[in-house]
Amino acid sequence: MLKNKENLALKIIIYIVCIFLAVLSIMPFWIMIVNATRSTTEIQQHAISLLPSNYAMNNLKILLGKSFNPARGFINSLIISVGATGLAVYFSSLTAYALVAYDWKLRQPFFSFIMAIMMIPAQVTMIGFYQMVYKIHMTNNLWMLILPAMASPSMVFFMRQYLQPSLSMEIVQSARIDGAGEFLIFNRIVLPIMKPAIATQAIFSFVSSWNNLFTPLVLLTDQKKYTMPIMVSLLRGDIYKTEYGSVYLGLTLTVLPLIIVYLILSKYIIAGVALGSVKG
Amino acid sequence: MKHKKLGYAKYGYLFSIPFVIAFLLFSLYPILYTAVIGFTDLKGLGMTSFHFLTDDPFRNFKAVLTNPSFIKALKNTVVLWLFNFVPQILLALLLTAWFTDKRSKVKGQGIFKVLFYMPNIITAATVAILFNSLFGYPMGPVNDLLMKLGFTDSPIYFLVNKTVARGVIIFIQTWMWYGYTMVILISGVLGISPEIFEAAEVDGANRIQTFFYVTLPNIKTILLFTLVTSLIGGLNMFDIPKLFLLGGPDNATLTTSVFIYNQAFSGSYMYNRAAAGSMIMFVIICILSVIMFQILKDKDEETLRRQIKQQQKSYKIKQKELIKEQKLQTASVTSQETEALAKEEGEGTQNVKE
């Protein structure tokens with residue numbers, strides 16, 4: 001009897017805490033979205049309101065009247081994220097295949113090397129990277145934000161851990177007997193085997209590329225090349241100091257696509273986080 | 001057949017080439033270049049030519065290490081990381097214990113996980129500016145809420161207060177990362193063989209005992225993984241301190257990454273100082289990761305060494321017993337015994353190897 005009561009009490013505590021945390025996750029975004037539809041005067045009178053107003057279009061006019069251009073930022077971010085993700089996924093899979101399928105002398109040293117460089121953060125290389133890119137006059141070239149993704153050590157590590165148990169060399173052998181070349185075998189047989197791992201890694205690569213502020217902030221000086229996070233950072237500037245509604249709308253425009261995509265893919269994303277930890 | 005195998009080996013090299021070239025161009029060369037710049041006089045907007053410092057090669061490093069802003073930034077970075085990591089890991093552990101406990105069977109776990117993880121996916125730059133607006137003065141949502149609830153009569157200018165500014169950044173970091181940590185820990189717990197939990201239940205262990213004596217020791221590796229990745233991420237914290245209050249008030253939220261960025265890309269564009277700062281951070285990160293992996297490695301080795309010692313001990317005892325027996329028994333019997341002993345010895349070394 002006592003045990004049941006204890007159980008019930010614990011359960012109530014668990015639900016209270018969880019609901020509180022869930023509200024905490026939603027509230028800031030809810031306030032943001034609602035305030036995006038309210039006028040600056042309304043926000044100044046009452047900054048919290050659960051119900052939207054009808055000033056969204058007005059706010060949008062003010063927002064776009066200044067240097068903020070979400071469509072441009074969206075397209076630039078999309079180009080960089082898609083390009084970087086594609087390169088990262090393809091070449092990480094290729095490198096992982098080289099590590100798993102072939103018996104070469106430097107295989108083990110190369111794998112240890114990849115493990116060692118996995119933890120190097122991009123920030124510590126930035127000054128040299130900026131100087132290098134500046135010297136060849138490529139600072140406003142989006143390729144400089146895409147190409148480095150070809151070498152993603154942690155993704156290679158993940159792909160190798162995935163491929164190691166799931167690749168059967170017999171299939172590869174029979175394809176060889178049928179006369180398929182090694183590169184064709186990788187593209188036609190190995191890549192499809194790796195689909196689940198590729199999907200997981202693609203999502204995370206895309207998100208981290210999309211959200212990256214540091215590298216674009218250092219390299220891009222041309223307003224036409226600005227990515228979404230840099231566009232967001234403009235909202236912090238003086239020109240929007242008193243336009244509360246517009247700032248909230250600008251933030252909403254950058255967050256909404258992410259939230260929608262997240263809610264659609266959430267099942268896979270959560271599973272992907274879990275998978276990454278077990279394999280990694 | 002053997003010849004063919006050798007023929008395939010070249011594809012191992014061939015398929016690794018793109019990765020290696022990209023790494024050399026976009027990671028290794030920039031790191032070495034950064035290190036070199038740290039020893040030069042390279043500064044000024046758009047400058048690329050430089051001279052090595054001949055009088056005192058380490059001048060930039062000394063200048064950075066004695067710069068009070070850098071020291072403050074380093075302290076801030078450590079404080080901000082530590083005070084967000086501890087509550088984050090505790091909260092994640094608590095939620096993990098609740099969500100994986102068979103006896104409480106929390107419903108709606110899927111929705112909770114999705115919501116707890118959500119802040120992690122949102123652009124950090126957006127989150128920083130959103131929280132700056134939420135704590136706005138005189139009329140931000142937080143002030144509005146506090147006044148409505150009657151905690152205060154007049155609006156509070158939160159963000160001029162150093163402690164509050166740091167506190168909000170710590171809150172943002174915890175809020176963004178506890179869900180991620182929780183999902184990872186839960187997957188770690190689900191990876192533990194259920195038999196261990198059944199055995200604990202049979203032995204009459206209660207929830208708390210099970211958690212501390214079964215669950216925690218079994219997710220040690222994952223905890224270390226979380227610690228290392230969080231530490232390296234924390235030492236490079238940039239987006240939120242940069243955009244939330246631009247490092248202010250009075251450098252209270254200045255982190256080393258923001259310091260390095262400001263050195264290189266504002267004011268007098270001191271690329272050399274920024275490069276020296278980057279290298280100092282790189283060395284700190286390397287040392288910390290090596291120490292942490294060593295801690296884990298040593299423990300495993302220690303248990304192995306202990307096992308070896310135990311086996312040696314039992315072996316010695318056996319030997320002594322055998323010698324005693326030898327003295328008592330006849331020569332023919334002893335030869336059989338030594339054979340058995342040799343066999344045992346072989347098994348012993350095998351065990352050690354395992």
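Remarks
- Selection count, region B:201-245, where residues are basic (K, R) and either modelled with pLDDT of 90 or more or under 10 Å from the mean Cα position of the chain (by Cα) (or both): 1
- Test: residue in region A:173-181 that is buried (at least 19 other Cβ atoms within 10 Å of the Cβ) and assigned to a helix (DSSP H, G or I): no
- Tally, over region A:170-225, of residues that are among the small types (G, A, S) and either touching a helix residue (DSSP H, G or I) at 6+ places or on another chain (Cβ under 6 Å) or closer than 21 Å to B:N120 by Cβ (or both): 7
- Qualifying residue in region B:29-36 (condition: of a type in the set (F, W, Y), touching a strand residue (DSSP E or B) at 6+ places or on another chain (Cβ under 7 Å) and not assigned by TED's automatic domain parsing to the domain that holds B:I285): no
- Taken together, B:L80, B:L42, B:L53 contain a single residue that is touching a helix residue (DSSP H, G or I) at 6+ places or on another chain (Cβ under 8 Å), closer than 30 Å to B:L185 by Cα and surrounded by 15 or more Cβ atoms within 10 Å (Cβ to Cβ), which is B:L80.
- Tally of residues being farther than 15 Å from B:A274 by Cα, among the hydrophobic types (A, V, I, L, M, F, W, C) and facing another protein chain (nearest Cβ under 8 Å) across region A:107-131: 4
- Restricting region A:10-46 to residues that are more than 31 Å from the chain's Cα centre (by Cα), at the interface with chain B (Cβ under 9 Å from one of its Cβ atoms) and closer than 25 Å to B:A128 by Cβ, the residue that is surrounded by the most Cβ atoms within 10 Å (Cβ to Cβ): A:I43
- Answer residue from region A:132-147, given it is touching a residue at least 40 places away in the same chain (Cβ under 8 Å) and crowded, with 16+ Cβ neighbours inside 10 Å and is nearest to the other protein chains (Cβ to nearest Cβ) among those: A:L147
- In region A:233-251, the qualifying residues are those that are part of a helix (DSSP H, G or I) and at the interface with chain B (Cβ under 9 Å from one of its Cβ atoms), and the one that is surrounded by the fewest Cβ atoms within 10 Å (Cβ to Cβ) is A:S233.
- When each of A:N7, A:N59 is tested for being away from chain B (no Cβ under 11 Å) and either over 22 Å from B:Q109 (Cβ atoms) or not in a loop (DSSP other than H, G, I, E, B) (or both), the lone residue that passes is A:N59.
- When residues in region B:104-131 are screened for being within 7 Å of chain A (Cβ to nearest Cβ) and either more than 28 Å from the chain's Cα centre (by Cα) or among the small types (G, A, S) (or both), 4 of them pass.
- Filter result (surrounded by fewer than 20 Cβ atoms within 10 Å (Cβ to Cβ) and of a type outside the set (K, R)) within region A:219-232: A:T221, A:D222, A:Q223, A:I230
- Residue match in region B:262-280 (condition: at the interface with another protein chain (Cβ under 10 Å from one of its Cβ atoms), touching a Pro at 6+ places or on another chain (Cβ under 8 Å) and not in a loop (DSSP other than H, G, I, E, B)): no
- Of the residues making up region A:95-128, those that are touching a residue at least 40 places away in the same chain (Cβ under 8 Å) and of a type in the set (F, W, Y) number 2.
- Residue that is surrounded by fewer than 14 Cβ atoms within 10 Å (Cβ to Cβ), at negative phi and facing chain A (nearest Cβ under 10 Å), where the choices are B:L235, B:L190: B:L190
- Cβ pairs under 7 Å, 6+ apart, first in region A:258-274 and more than 9 Å from every other protein chain (Cβ to nearest Cβ), second part of a helix (DSSP H, G or I) and surrounded by 20 or more Cβ atoms within 10 Å (Cβ to Cβ): A:G272/A:T200
The values are calculated or read from the model by the stated rules, or taken from the named source; none is laboratory data. These figures come from a predicted structure and were not determined experimentally. Backbone-built Cβ (ideal geometry, glycine too); neighbour counts: all protein chains shown.
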